[in-house]
Amino acid sequence: MSESGLRSGQLADAAGVNLQTLRYYERRGLLAAPRRSPGGHRLYPSDTVTLLRVIKTAQRLGFTLNEVADLLDAGRHRHHGRPDTSLQARARDKLAEVEQKLAGLTVIRDTLRAAISAGCDDLVACASSSCCPLPFVELAVLPERNDRADTC
């Protein structure tokens, strides 16, 4: 880092992102436009490393870039009086969303385990079997097929 700031490559390396990500975040308004050196190089303040890490961490936690932008904007403007924009409220909403996804994934996992345990080898044959654990019945009413041996 020089006294005047970090150049794009230095910032990208320090924050663990690539240059395209850096430019994209700039275009999206997540990063302020940096000042320029006399030679035209972008120069970012050193605290931009932290900001980039915050953005990437928020994404890993499931926040979209639009949500991250809203959170950053709320933090910059200190909207303490508006609980709907607070990190706490957004984190609770995101947690509920993640828990809902986990519940759905748990059902999928358990169904796949049951299909493996039942020995299902053929989707069509399994779908027509009364012991098939896959949720074909909930998805569509299928006619009974007796021309194939049950794989369960």
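The values are calculated or read from the model by the stated rules, or taken from the named source; none is laboratory data. The structure displayed is predicted, hence computed values, not measured ones. Heads up, the Cβs are rebuilt from the backbone with ideal geometry, glycines too, and the neighbour counts pull from every protein chain shown.
Structure values in brief
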quantity	calculated
Set Leu22, Leu6: member being aliphatic (A, V, I, L, M), more than 24 Å from Asn66 (Cβ to Cβ) and either touching a residue at least 40 places away in the same chain (Cβ under 8 Å) or crowded, with 16+ Cβ neighbours inside 10 Å (or both)	Leu6
Filter pass, Leu71 being modelled with pLDDT of 95 or more, touching a helix residue (DSSP H, G or I) at 6+ places or on another chain (Cβ under 9 Å) and either surrounded by 12 or more Cβ atoms within 10 Å (Cβ to Cβ) or not hydrophobic (A, V, I, L, M, F, W, C) (or both)	no
